[in-house]
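Quick notes on the structure that follows.
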Amino acid sequence: MKRRDILKKAGVGAVGLGAAGLALKPRKASADKVYNWKMVTTWPPHFPVLGEAADFTAKWIEEMSGGRIKITVYGGGELVPALQVFDAVSSGTVEMGHGASYYWAGKHPATQFFAAVPFGLNAQGMNAWVVAGGGQALWDELYAKFNLKGFAAGNTGVQMGGWFNKEINTIDDLKGLKMRIPGLGGKVLAKAGGNAVLVAGGEIYTSLDRGVIDATEWVGPYHDSKMGFYKAAKYYYSPGWHEPGTTLECMVNKQKFDALPKDLQAIIETACYRSNMWSLCEFEAKNNQYLKELVEKHHVQLRQFPDAVLAQLKKYNNEVLEELAAHDALSKKICDAYLAFQKQYNEWNTISEERYAKLKHL
Ligand code: CA
């Protein structure tokens, strides 16, 4: 009896140990492996918030993995030009990249749904869609075509509408306007008769100051203050109808990601989510303080786009989205899913956030 008990215990123990041993064996082998990876970004090196989000993502991955993944981060142009990040990660030249997916509209127009859609989802809505509303699966489907895996890894919140040297009172005031405005917003401006100009981040201030462009959008008060636009433009417009909650991305070469042990995959995903949270908080915590400084110290004239102008821009945006959806079957699938999600998100938002927001006036 006694002996049987001992054997039983030993047996249970052995089974337990055996299972743990089986589980541990491959983990032990991979636990010894150190991955020395490179991350290229679309941002100038250590660029406030945006570049910092890339730096932090790399730092947090190294910390959480106990040094099993070490990532060297390169600013745009340091290893590859900013707008070649997608190709560099897709081809496996480097393992990771950080940027915003609307920069890759030329690769596939549907990439833009994972960064910003004019009159689309705000930060809270984007997170809801990507994390829990089916967005990530569509992102995976799209990026798998390019041997990539994308994660939400930053958010700007609702941006500002931009810097102008004249008031925008009617839609006609946008005619002939040369404005730095990327992505779908630029296509909407073009339908209003404006001229969307692409200018690299580092050249916007000079272009605005010298009159090469008439207007520019960027992010919001905190970041725009650092860019110095208040020295070259008088009017600062809200809201950022064209970028209501721009999501930044961290992309990983899919083959390299799939080959990682599960725990390291989870660590990368978790670090991206932390960056996603951190950057939104950084903007939300500091925007108003910088806005006050712009208005009170630098005498920037704060303006709002009139409702009639926004309503017309929204109509143009519907046309832009219809054209995008007509590009190919996957664009249509993603566009339809995004708009269906936004519709039901807005219905709930109307009776939750929107009603709550009105209480601050009481
Ligand atoms: Ca922007």
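What follows is calculated from the coordinates using simple rules that are stated; it is not laboratory data. All figures in this text were calculated on a predicted structure; none of them were measured in a lab. Cβ atoms come from the backbone with ideal geometry, glycine included; neighbour counts cover every protein chain shown.
May I ask you to work out the translational diffusion coefficient for segment 294-362 at 4 °C, viscosity 1.567 mPa s, via Stokes-Einstein with Rh from the Kirkwood sum over Cα pairs, reported in whole µm²/s?
On the way: Rh = 15.5 Å.
The diffusion coefficient I find is 84 µm²/s.
Can you compute the modelled spin-label distance between Lys262 and Lys314, with each label point 7 Å from Cα toward Cβ, in nm?
About 4.6 nm, to one decimal.
Just round it to a whole percent: the fraction of Cα-Cα distances in segment 62-132 exceeding 17 Å.
Values: 1427 of 2485 pairs.
It works out to 57 percent of all Cα pairs.
Over the Cα atoms, compute the radius of gyration (one decimal) and Dmax (the largest Cα-Cα distance, rounded to a whole number) for segment 208-325, in Å.
19.3, 55
If all Cα-Cα distances of segment 135-175 are sorted into 5 Å bins from 0 onward, what percent lands in each bin, rounded to whole numbers?
Spelled out bin by bin, segment 135-175 gives 5, 15, 15, 11, 9, 9, 9, 16, 10, 0 percent.
Determine, from the Cβ-Cβ distance of Leu83 and Asn36 and an R0 of 25 Å, the FRET efficiency 1/(1 + (r/R0)^6), rounded to the nearest 0.05.
On the way: r = 25 Å, r/R0 = 1.01.
Working from the Cβ atoms, E equals 0.50.
For segment 103-215, what's the radius of gyration and Dmax over Cα atoms, in angstrom?
When restricted to the Cα atoms of segment 103-215, Rg and Dmax are 16.3, 46 Å.
If I histogram all Cα-Cα distances within the chain using bins 20 Å wide from 0, what percent of pairs lands in each bin?
Bin by bin from 0 Å, the calculated values are 27, 53, 15, 5, 1.
Whole-Hz Karplus ³J(HN,Hα) for segment 318-324, in order, using 6.51 cos²θ - 1.76 cosθ + 1.60 and θ = phi - 60°, x for Gly and Pro?
Rounded to whole hertz, the list is 4, 5, 4, 5, 4, 5, 5.
If one puts a single equal scatterer on every Cα of segment 36-160 and applies the Debye formula without solvent, what log₁₀ I(q)/I(0) results at q = 0.14, 0.18 Å⁻¹?
Taken in order of the listed q values, log10 I(q)/I(0) reads -0.62, -1.04.
So what's the projected area for segment 268-313, the Cα convex hull averaged over all directions, in nm²? Before the final figure, lay out the partial values.
Values: hull surface 21.4 nm².
If I average the Cα hull's projected area over directions, I get 5.3 nm².
What full-extension length gain, to one decimal in nm, is calculated for Leu198 and Ala144 as 0.36 nm per residue of separation minus the Cα-Cα distance? Walk me through the numbers before you get to the answer.
Values: separation 54, 0.36 × 54 = 19.44 nm, distance 2.80 nm.
Working it through step by step, the gained length comes to 16.6 nm.
Put +1 on the Cβ of every Lys and Arg and -1 on every Asp and Glu Cβ in segment 127-201; which of Gly157, Asn147, Ala196 then has its Cα farthest towards the positive end of the dipole?
Checking the options against the dipole of segment 127-201, the answer is Ala196.
Please give the length that would be gained between Gln124 and Val295 if that part of the chain were fully extended, namely 0.36 nm times their separation in residues minus their C-alpha to C-alpha distance (nm, one decimal).
Numbers: separation 171, 0.36 × 171 = 61.56 nm, distance 2.77 nm.
Additional length available on full extension: 58.8 nm.
Hey, what angle do you get for helix 135-144 against the long axis of the chain, alpha-carbon based, 0 to 90 degrees rounded to 10?
Rounded to the nearest ten degrees, it is 80.
To test your reading of the geometry: what angle, between 0 and 90 degrees and rounded to tens, separates the Cα axis of helix 329-351 from the longest principal axis of the chain?
Around 80 degrees separate the two axes.
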